[in-house]
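These notes are about the structure you will find just below.
The values are calculated or read from the model by the stated rules, or taken from the named source; none is laboratory data. None of these values were measured; they are calculated from a predicted model. Reconstructed Cβ throughout: ideal geometry from the backbone, glycine too, with neighbour counts over all protein chains shown.
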Ligand SMILES: *Cc1c(COP(=O)(O)O)cnc(C)c1O
């Protein structure tokens, strides 16, 4: 049979397998809260497919609830948002020097410039780009070093006078903002203020000055300047753990098999867990390829018929076994892997602690074959 013919016979039946649901009302409420807290404007950061929540839908929701800007890592992400019809002011901040800067400029996408090499490449792209000079305020990650900063400002001003670029922004990023009283926050803020002063003395007058992400937007008004770039907070993650936000993601999966087993029955690869008593096991069709970290084997649980049931044995690539106890679950019954936690189901925060990681890694790690 040809591939085309079998494709017509086997239609995907969305909703009958693992399923990810996004609560856009939660995104809207989180955006409004963040917009109220920010002293300046709000940029909705929707990199990594909106932290796994769908970049375009998170962007649209944020835009109608108080975010005036959109931010992404790469030009490709920016282009996808433009194709989805989002025409808001947009910034892309991490690109190789040979990226499609001309395409970005044509699409009205602002570009972060973290080095002299990038400044050069952006100028050679043709039409004057709108650029945000990016300074490293203490992470030794992206952004120009403090040593390179004066030269970057000087040459950016020269490009501006020659009509080859317009410096509309200066940006930095704080590495310890999730711990509000870490002294590194004040040190980073000082470096940013110094960088702004160097830019000013070079003749630059950038109207957009942005340093704060979610944690600093919620805890540190001195970091706000004219714009806050918030990503995690939009989808209900507060790295500072100071503010109640609404988690927006719910992951469910149907029970695809049920068996009753005797005490001593080993489960899964390696037989790392054996039933301590007669019990019912339910099989769910999702595993580490779908974003359930294998390291959570033996710690994780899911919710079945309103009860927490432990995940038992090793998590496989495509499947996971749950100990349902005395009651036999129904075939096709829906298990909640995680959700906002309102009815006792596990939360993303719990999965993160079971996996010894942060919520961001859980929500951005849900595999492509999970229906949205
Ligand atoms: C991801 C990112 C943000 C958003 O940070 P959150 O803590 O998710 O709000 C802001 N700025 C930069 C440079 C980023 O990479």
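Only a single criterion out of (1) in contact (Cβ under 8 Å) with a residue 24 or more places away in the chain; (2) surrounded by fewer than 16 Cβ atoms within 10 Å (Cβ to Cβ); (3) within 23 Å of residue 227 (Cα to Cα) is not satisfied by residue 140, namely (1).
Against the conditions (1) more than 26 Å from residue 70 (Cβ to Cβ); (2) within 23 Å of the chain's Cα centre (by Cα), residue 210 satisfies every one except (1).
Annotation note: of 163, 138, 169, 175, the sole residue that is outside any helix (DSSP H, G or I), farther than 22 Å from residue 219 by Cα and out of contact with any strand residue (DSSP E or B) (no Cβ under 6 Å at 6 or more places or on another chain) is 163. Considering region 18-38, the residues that are more than 17 Å from residue 214 (Cβ to Cβ) and in a loop (DSSP other than H, G, I, E, B) include one that is nearest to the ligand (Cβ to nearest atom), namely 23. Please indicate, with yes or no, whether at least one residue in region 214-223 is within 24 Å of the chain's Cα centre (by Cα), under 28 Å from residue 50 (Cβ atoms), at pLDDT 95 or above and not in a helix (DSSP H, G or I). Yes: region 214-223 contains one or more residues that are within 24 Å of the chain's Cα centre (by Cα), under 28 Å from residue 50 (Cβ atoms), at pLDDT 95 or above and not in a helix (DSSP H, G or I). For region 267-288, how many residues are over 17 Å from residue 254 (Cβ atoms) and not in a loop (DSSP other than H, G, I, E, B)? Of the residues in region 267-288, 8 are over 17 Å from residue 254 (Cβ atoms) and not in a loop (DSSP other than H, G, I, E, B). A Cβ distance below 8 Å, combined with a sequence gap of six or more or placement on separate chains, defines the contacts here; from region 73-94, residues that are in contact (Cβ under 8 Å) with a residue 60 or more places away in the chain reach residues that are more than 15 Å from the ligand (Cβ to nearest atom) in the pairs 91/109.
Once region 350-360 is narrowed to residues that are touching a residue at least 40 places away in the same chain (Cβ under 8 Å) and in contact with a helix residue (DSSP H, G or I) (Cβ under 8 Å, 6 or more places away or on another chain), the residue that is farthest from the ligand (Cβ to nearest atom) is 354. Taking region 39-81 as the search range and keeping residues that are within 10 Å of the chain's Cα centre (by Cα) and assigned to a helix (DSSP H, G or I), which one is surrounded by the most Cβ atoms within 10 Å (Cβ to Cβ)? Applying the filter and picking the extreme gives 50. Looking across region 226-251, the residues that are more than 12 Å from the ligand (Cβ to nearest atom) and surrounded by fewer than 22 Cβ atoms within 10 Å (Cβ to Cβ) come down to 226, 241, 242, 243, 244, 246, 247, 250. If the condition is being more than 22 Å from residue 283 (Cβ to Cβ) and outside any loop (DSSP other than H, G, I, E, B), then region 336-361 contributes 348, 349, 352, 353, 359, 360, 361.
Every condition in (1) away from the ligand (no atom under 13 Å from the Cβ); (2) more than 19 Å from the chain's Cα centre (by Cα); (3) crowded, with 21+ Cβ neighbours inside 10 Å holds for residue 117 except the one numbered (3).
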